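First up is the structure itself, then whatever we jot down about it.
The values are calculated or read from the model by the stated rules, or taken from the named source; none is laboratory data. Computed from a predicted structure; not experimentally measured. Note that each Cβ is placed from the backbone with ideal geometry, even for glycine, and that neighbours are counted across all protein chains shown. The protein model used for the area step is the full one, side chains on, heavy atoms only, and it has no ligands, DNA or RNA in it. Shrake-Rupley method; radii C 1.70, N 1.55, O 1.52, S 1.80 Å.
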Amino acid sequence: MSKTAILEFDGNKYEFPVIVGSENEAAIDIDKLRALTGAITLDPGYKNSGSCKSEITFLDGEEGILRYRGYAIEDLAEKAGFLEVSYLVIFGELPTQEQLVQFENDIRKYTLVNEEMKNIIDGFPKTAHPMGVLSSLTSALTAFNPKVVNVENEKEMYEAVCKTMGKFLVIATWTYRKMMGFPLNYYDNTKGYVENFLHLMFELPTGPYKVNPVVVDALDKLFILHADHEQNCSTSTVRIVGSSHAGLFASISAGVSALWGPLHGGANQAVLEMLEAIQKDGGDAEKYLAKAKDKDDPFRLMGFGHRVYKNFDPRAKIIKKAADEVLNTLGVDDPILDIAKKLEASALVDDYFVSRKLYPNVDFYSGIIYRALGIPTEMFTVMFAIGRLPGWIAQWKEMRINKEPIGRPRQIYTGYPLRDFKPMNQR
Ligand code: SDX
């Protein structure tokens, strides 16, 4: 691998250092580019631009590889629990049994959300989208936890991690309770983290909620699969907001808003709406594949394609297998799953998708499991946010501890040259 890159520009030659990562990815360090050449690079959507060095997640889009802190996603999904993986993603190592118990107990110290937060959620209409409510409530947490985290202080940073993990789960489930007109539940410190998600979501004052271990296991796996994904849109948002030294809650609130978009985390809701539309329209998968291929038709095959994966998204493979298992175990026979499989099978042999390397991504099958678990479609992206929370925290923490500079991209101006002010009577 060459140690430098040579740029010939405007009759001059410039040499830039090449940085090589631990998995042999190469980057040309253009830190001095503008100072030396007067020129910048232009890369809409940052398809070719790295924003940082990171030790958290490695993914190889061509090979369909995903690892958190060096551990394969397949191993973690199969052998670990969500809090265990959250600890790994945030602190860099798999926890010992003692560390994991301590982490879960330390999260429990912060699971009571200030009662006045209920006044805020009361201000929303029941019809408000849960992601909009979640972003607002997350930002509102700052009002009740105003202390600025000293990221250099390990104890303060650890407490902020536990507080965020504890409170975010509660307010995320409140968005569902608000939508349903149910009373808001409290975290039960005698229960586990994922078990509490079900308790917070579905426990009603009229009777006890019986937790199904199959559901807990499926959710554990789903949350693990969503825990981090290097510099995706919402994580980059969390990093850039945090780079101004805005607080962790404010940064995560921005990440929730970015995740909401149907091209990103909102795709899991869009996939179910697409599958339901196909089912309503007679289940004709071929008709919708044709629409997805038609340049004049804005319809896209939601849950397909990925900015980085040009092979199968390894998470999609695991989720597809889990969907079969969960629906079989719960005795759910959902025709939507058959439509999804038909779409996938046809797309995988269709030249339009094959030539563009469009494969099912993490969002294609996840909604089918959520639906089988009784979670409404509007809550699917909130589920994604709950899973992605440890990744957002880890990436924010890494960015701040590494003292990354404030994010401020350049641009190429293409507007008017200087012109004289035009008085009103001449416009
Ligand atoms: C997530 O980045 C991450 O890591 C994200 C994520 C994470 O964990 O954080 O993995 C989670 O966001 C997964 C992606 C969920 N989104 C969707 O499922 C929405 C549908 N997918 C597409 O909108 C699209 O594939 C994107 C947004 C995911 C990626 O878009 P790119 O990389 O900008 O690719 P593109 O839009 O330039 O498309 C390249 C070509 C185009 O055709 P041509 O102009 O070359 O003829 O592929 C076509 C596109 O029209 N195309 C699709 C398509 N996706 C791309 N055509 C039909 N259906 C699709 N789904």
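Worth pointing out:
- Each residue in segment 235-245 was checked for being open to solvent by less than 30 Å² (accessible area, probe 1.4 Å) and not charged (D, E, K, R), and 4 of them qualify.
- Of the listed requirements (1) without any contact (Cβ under 8 Å) to a residue 24 or more places away in the chain; (2) closer than 29 Å to I319 by Cβ; (3) open to solvent by 80 Å² or more (accessible area, probe 1.4 Å), K13 misses just one: (2).
- Residues of segment 16-29 satisfying the condition of being under 28 Å from the mean Cα position of the chain (by Cα) and surrounded by 10 or more Cβ atoms within 10 Å (Cβ to Cβ): I19, V20, G21, E23, E25, A26, A27, I28, D29
- For segment 296-307, filtered to residues that are within 6 Å of the ligand (Cβ to nearest atom) and assigned to a loop (DSSP other than H, G, I, E, B), the residue that is most open to solvent (accessible area, probe 1.4 Å) is R300.
- Qualifying residue in segment 190-202 (condition: more than 16 Å from the ligand (Cβ to nearest atom), touching a helix residue (DSSP H, G or I) at 6+ places or on another chain (Cβ under 6 Å) and over 30 Å from K79 (Cα atoms)): no
- Where N119 falls short, out of the listed (1) closer than 19 Å to A250 by Cβ; (2) out of contact with any Phe, Trp or Tyr (no Cβ under 9 Å at 6 or more places or on another chain); (3) among the polar types (S, T, N, Q); (4) not in a loop (DSSP other than H, G, I, E, B): (1)
- Selection status of L100, open to solvent by less than 70 Å² (accessible area, probe 1.4 Å) and in a helix (DSSP H, G or I): yes
- Filter pass, V271 being free of Cβ contacts under 8 Å to residues at least 24 places away in the same chain and buried (at least 18 other Cβ atoms within 10 Å of the Cβ): no
- Here is the figure for segment 359-395: residues that are away from the ligand (no atom under 13 Å from the Cβ), open to solvent by 30 Å² or more (accessible area, probe 1.4 Å) and more than 25 Å from H129 (Cβ to Cβ) total 0.
- R315 within 28 Å of L76 (Cα to Cα), surrounded by fewer than 16 Cβ atoms within 10 Å (Cβ to Cβ) and within 13 Å of the ligand (Cβ to nearest atom): no
- None of T173, T235, T190 is under 22 Å from K397 (Cα atoms) and of a type in the set (S, T, Y) except T235.
- Answer residue from segment 165-196, given it is among the hydroxyl-bearing types (S, T, Y) and touching a Ser or Thr at 6+ places or on another chain (Cβ under 9 Å) and is most open to solvent (accessible area, probe 1.4 Å) among those: Y186
- Verdict on K155 being under 15 Å from S253 (Cα atoms) and either open to solvent by 10 Å² or more (accessible area, probe 1.4 Å) or among the aromatic types (F, W, Y) (or both): no
- Residue in segment 258-266 that is open to solvent by 20 Å² or more (accessible area, probe 1.4 Å), near the ligand (Cβ under 7 Å from one of its atoms) and touching a residue at least 40 places away in the same chain (Cβ under 8 Å) present: yes
- Qualifying residue in segment 335-358 (condition: open to solvent by less than 10 Å² (accessible area, probe 1.4 Å), in contact with a His (Cβ under 9 Å, 6 or more places away or on another chain) and closer than 22 Å to V215 by Cα): no
- Residue pairs whose Cβ atoms lie under 6 Å apart, sitting 6 or more positions apart in sequence or on different chains, and linking a residue in segment 100-116 that is touching a residue at least 24 places away in the same chain (Cβ under 8 Å) to a partner that is part of a loop (DSSP other than H, G, I, E, B) and not β-branched (V, I, T), are R108/N189; T111/Y187.
- S51 meets all of the listed conditions (1) closer than 17 Å to E230 by Cβ; (2) open to solvent by 60 Å² or more (accessible area, probe 1.4 Å); (3) away from the ligand (no atom under 16 Å from the Cβ) but one, namely (3).
- K32 being within 16 Å of the ligand (Cβ to nearest atom) and exposed (fewer than 13 other Cβ atoms within 10 Å of the Cβ): no
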